[in-house]
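The values are calculated or read from the model by the stated rules, or taken from the named source; none is laboratory data. Note that the structure is a prediction, hence the values are computed from the model and not measured. Cβ placement follows ideal geometry from the backbone for every residue including glycine, while neighbour counts extend to all protein chains displayed.
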Amino acid sequence: MREEIVFIKGSFNPAEAADVLLSLLNDKIKFHTVKSLKLNPGSSQSEEHSAARIGALKEAKKTVEELVLTAHKKGLDLEINSTLAIRLIDKQI
């Protein structure tokens, strides 16, 4: 089973866009940081995944900050479209 949900859709001024996008990115960074702190000793693969994901999210955050600043300087809005694709999976596979 797979569902697609429109998560974000619309035009936002730079302040609104920064609020929405940076909040999401910060929450995901926090999620992976907490997850890496709770890992059991010896699960280095999960720890490496969380560290890599945090790095990628921080890079995405820099990109968003640059886009927001550019839009602000040029007096532009940002169009944001995001869809969530959710699929049920069997954990035993």
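Points to keep in mind about this one:
- Test: residue in the stretch 29-43 that is modelled with pLDDT of 95 or more, in contact with a Lys or Arg (Cβ under 9 Å, 6 or more places away or on another chain) and either in a helix (DSSP H, G or I) or acidic (Asp, Glu) (or both): yes
- Any hit, the stretch 44-67, residues being β-branched (Val, Ile, Thr) and not in a helix (DSSP H, G or I): no
- Residue list for the stretch 52-75, filter: surrounded by 14 or more Cβ atoms within 10 Å (Cβ to Cβ), of a type outside the set (D, E, K, R) and more than 12 Å from Ala18 (Cα to Cα): Ile54, Leu57, Ala60
- Within the stretch 44-93, the set of residues being farther than 12 Å from Pro14 by Cβ, of a type in the set (S, T, N, Q) and modelled with pLDDT of 95 or more comprises Thr63, Asn81, Ser82, Thr83.
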